[in-house]
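*Asks:* Got a structure for you, questions after.
The values are calculated or read from the model by the stated rules, or taken from the named source; none is laboratory data. Quick caveat, the model's predicted, so the values are computed rather than measured. Please note: Cβ atoms are built from the backbone with ideal geometry, for glycine as well, and neighbour counts cover all protein chains shown. For the accessible areas, the whole protein counts, side chains as well, though only heavy atoms, and no ligand, DNA or RNA atoms are used. Shrake-Rupley method; radii C 1.70, N 1.55, O 1.52, S 1.80 Å.
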Amino acid sequence: SHGGASRTVPSLPGAGPRLPRGLVTAGDDGDLVVPPFNVEDINDGGQAVVRVKPLGAGGGGVEHSSHGGASNVVADCRKGMVCVAGREFTYPAHVLGDEHDNQAVFREFMPARIAGFLAGYDVNVMAHGQTGSGKTHTMFGPPGIMERAGAGKLGDGVHKDYGLFPRAVIATYHAVQKLRAESGGARSFVLTASAVELAGGNLDMVVKSRKERAQAMRTWSWTACAGVALDKKVHPPRLYGMVEVELDSMAAVQRMFRAIASRNTAATGMNDSSSRSHCFVWLTLRAYDRAEDAVRTSRMQFVDLAGSERLAAAHGDATVKDGNMELINGMITNFSLSMLSTAVRAMVRSKRSKARVSSRSFLVDLVALLEQSLTGTAITAVFICISQAPANASQSKHSLDFGSQFAKLPIGRKRAARWRKVRGLADELEAESRAHLAMLAAGIKGARYQALRGAMATDCAQQARFLKQLKDRHESSE
């Protein structure tokens, strides 16, 4: 476990109003009692959270440098201060130490964000830090837990070691079931999940082969070759083409756990179980209102960033000429994180200069997919994870530098997604799908956007299917 037993989370200076404890039941079943959402509930310092990994936890890689009991980190949870090798950081609204296990972190930051998601707001939750600092533990749990959960070995409830995503998806699943039961037929809901790895390309984690994709989509054979592609022209930029799994049962939730377990990891000199890609997992909620004949879509995005790493420490004397793919992955990861850091600093400067900064200016998909957090339009929580191991001091400072800049980003006005008339939306999806399919059938050699058209056609098919399900469920409830 990352921390000790569950205990009360202390109030921290500058942390803003306490989150309403009534959102979470006293039990450990992930069930939520969702009150009317108040957007002020998320002014809780969630953009400036530092989580300090327990000294020597995990024991692998450069954590060996802490075996003598020495730590280069001094953290004061009540004052919101972290000092690394003599350098002090005072920007955090929250500093989470050994006493904050995953359950405590979830209860402190996630209930209001889940309530916002259910109320139609977009939400981003992100973990950032060097390799081996506890990001994946925070987001998903310890190594191997998603594989065991996906195999049904941990049951349907909330395991004590679950990270933020499994706790949130179970809580949201039960909350949607309650909303459906309490709506009296006035509204119907479809909750889905999807997951993508960002490395050298974009990989759908739910399906790994063309045959699986065709079966999952339950539609024409062209979907078997449709991949995942990013459209930077829409606002916010988003990926198209990944399979959305409807979370209509705990078996479907476990299927998503299996998908996450397929993430690429490898042992390096810095971490015995290093994630070799950025992992994005989305929950999407579509709500249909009977009286208005309208649908609303909100998304909650969980981002476990791949860790930055010192290439010499992680891969020794390996070179690109050796064909060492883990070294190449490390270089790609470091470049994308550098671009993200540059984008954050540019956004912060633009607050003073009023200059417009576009995520399209940056070469990596990572920046575009985090646009809503960078511009402040999504409800956001970012966890800067640092290690106490003396050998990690320089990387911990870099992570805290990033966090100090991220905390300065503008907090834009949060708006719920708008309701869209179903009749017009259904016609729009059908027309768009026909256009994409026609272009695909034409097979124009070298067409720049063929991959994106295939991905968008996949997305149209899925949206149309879920729209039909919303209508059918409403009619069956009458």
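*Asks:* Count, please, the residues in region 149-161 that happen to be without any contact (Cβ under 8 Å) to a residue 12 or more places away in the chain and crowded, with 24+ Cβ neighbours inside 10 Å.
*Replies:* Quick first cut of region 149-161, residues without any contact (Cβ under 8 Å) to a residue 12 or more places away in the chain only: 153-155.
Now restrict to residues that are crowded, with 24+ Cβ neighbours inside 10 Å: none.
The qualifying residues number 0.
*Asks:* If you go through region 101-148, how many residues are touching a Lys or Arg at 6+ places or on another chain (Cβ under 8 Å), within 27 Å of ILE411 (Cβ to Cβ) and open to solvent by 10 Å² or more (accessible area, probe 1.4 Å)?
*Replies:* Summing the residues that are touching a Lys or Arg at 6+ places or on another chain (Cβ under 8 Å), within 27 Å of ILE411 (Cβ to Cβ) and open to solvent by 10 Å² or more (accessible area, probe 1.4 Å) in region 101-148 gives 6.
*Asks:* I would also like to ask the following. If you go through region 375-394 one residue at a time, do you hit one that is touching a Leu at 6+ places or on another chain (Cβ under 9 Å), not in a loop (DSSP other than H, G, I, E, B) and not hydrophobic (A, V, I, L, M, F, W, C)?
*Replies:* Yes, because at least one residue in region 375-394 is touching a Leu at 6+ places or on another chain (Cβ under 9 Å), not in a loop (DSSP other than H, G, I, E, B) and not hydrophobic (A, V, I, L, M, F, W, C).
*Asks:* On to the next question. Is one or more of the residues making up region 444-451 surrounded by fewer than 20 Cβ atoms within 10 Å (Cβ to Cβ), in contact with a strand residue (DSSP E or B) (Cβ under 6 Å, 6 or more places away or on another chain) and over 30 Å from ASN38 (Cα atoms)?
*Replies:* Applying the first criterion (surrounded by fewer than 20 Cβ atoms within 10 Å (Cβ to Cβ)) to region 444-451 yields 444-451.
Right, trim to in contact with a strand residue (DSSP E or B) (Cβ under 6 Å, 6 or more places away or on another chain) and you get 451.
The next check asks that each one be over 30 Å from ASN38 (Cα atoms); those that pass are 451.
Within region 444-451, one or more residues are surrounded by fewer than 20 Cβ atoms within 10 Å (Cβ to Cβ), in contact with a strand residue (DSSP E or B) (Cβ under 6 Å, 6 or more places away or on another chain) and over 30 Å from ASN38 (Cα atoms).
*Asks:* Looking at the structure I just gave you, is GLN372 under 30 Å from ALA464 (Cβ atoms) and of a type outside the set (D, E, K, R)? Talk me through it step by step, then tell me what you get.
*Replies:* Numbers: under 30 Å from ALA464 (Cβ atoms): yes; of a type outside the set (D, E, K, R): yes.
Judged against the criteria, GLN372 is a match.
*Asks:* Taking region 411-433, which residues are open to solvent by 30 Å² or more (accessible area, probe 1.4 Å), without any contact (Cβ under 8 Å) to a residue 60 or more places away in the chain and under 28 Å from ARG290 (Cα atoms)?
*Replies:* Result: GLY424, ALA426, ASP427, GLU428, GLU430, ALA431, GLU432.
*Asks:* I'd like to check something: does region 405-417 contain any residue that is part of a helix (DSSP H, G or I), touching a strand residue (DSSP E or B) at 6+ places or on another chain (Cβ under 9 Å) and modelled with pLDDT of 90 or more? Show your work before the answer.
*Replies:* Let us first name the residues in region 405-417 that are part of a helix (DSSP H, G or I), namely 405-406.
Filter once more, so that each one left must be touching a strand residue (DSSP E or B) at 6+ places or on another chain (Cβ under 9 Å): 406.
Right, trim to modelled with pLDDT of 90 or more and you get 406.
Yes, that holds for at least one residue.
*Asks:* Kindly provide the set of residues from region 164-178 that are buried (at least 18 other Cβ atoms within 10 Å of the Cβ) and not polar (S, T, N, Q), ordered by number. Explain how you work it out, then say what you get.
*Replies:* First pass over region 164-178, keeping only residues buried (at least 18 other Cβ atoms within 10 Å of the Cβ): 164-173, 175-176.
Of everything in region 164-178, those that are buried (at least 18 other Cβ atoms within 10 Å of the Cβ) and not polar (S, T, N, Q) turn out to be LEU164, PHE165, PRO166, ARG167, ALA168, VAL169, ILE170, ALA171, TYR173, ALA175, VAL176.
Okay, residues lined up against (1) part of a helix (DSSP H, G or I); (2) modelled with pLDDT under 95; (3) on the phi > 0 side of the Ramachandran plot:
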position: VAL281; (1), (2), (3): no, no, no
position: ALA291; (1), (2), (3): no, yes, no
position: ALA313; (1), (2), (3): yes, yes, no
position: LYS321; (1), (2), (3): yes, yes, no
position: GLU326; (1), (2), (3): yes, yes, no
position: ASN329; (1), (2), (3): yes, yes, no
position: MET339; (1), (2), (3): yes, yes, no
position: MET347; (1), (2), (3): yes, yes, no
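*Asks:* What are the pairs with Cβ atoms under 9 angstrom where one residue, in region 219-236, is at pLDDT 50 or above and the other, located anywhere, is aromatic (Phe, Trp, Tyr) and buried (at least 18 other Cβ atoms within 10 Å of the Cβ)? Sequence gap at least six, or different chains.
*Replies:* Pairs found: VAL228/TYR240; ALA229/TYR240; LEU230/TYR240; ASP231/TYR240.
*Asks:* Going through LEU370, LEU400 one at a time, which residue ends up being more than 15 Å from the chain's Cα centre (by Cα), modelled with pLDDT of 90 or more and closer than 22 Å to VAL50 by Cβ?
*Replies:* On the way: LEU370 fails: more than 15 Å from the chain's Cα centre (by Cα).
Selected residue: LEU400, the only one of LEU370, LEU400 that is more than 15 Å from the chain's Cα centre (by Cα), modelled with pLDDT of 90 or more and closer than 22 Å to VAL50 by Cβ.
*Asks:* Would you tally the residues in region 328-356 being of a type in the set (A, V, I, L, M), open to solvent by less than 40 Å² (accessible area, probe 1.4 Å) and either under 20 Å from the mean Cα position of the chain (by Cα) or farther than 19 Å from ASP401 by Cβ (or both)? Can you show your working first?
*Replies:* Of region 328-356, the ones of a type in the set (A, V, I, L, M) are 328, 331-332, 337, 339-340, 343-344, 346-348, 355.
When the remaining residues are screened for being open to solvent by less than 40 Å² (accessible area, probe 1.4 Å), the result is 337, 339-340, 343-344, 346-348.
Restricting the remaining residues to those that are either under 20 Å from the mean Cα position of the chain (by Cα) or farther than 19 Å from ASP401 by Cβ (or both) gives 337, 339-340, 343-344.
Final tally of qualifying residues: 5.
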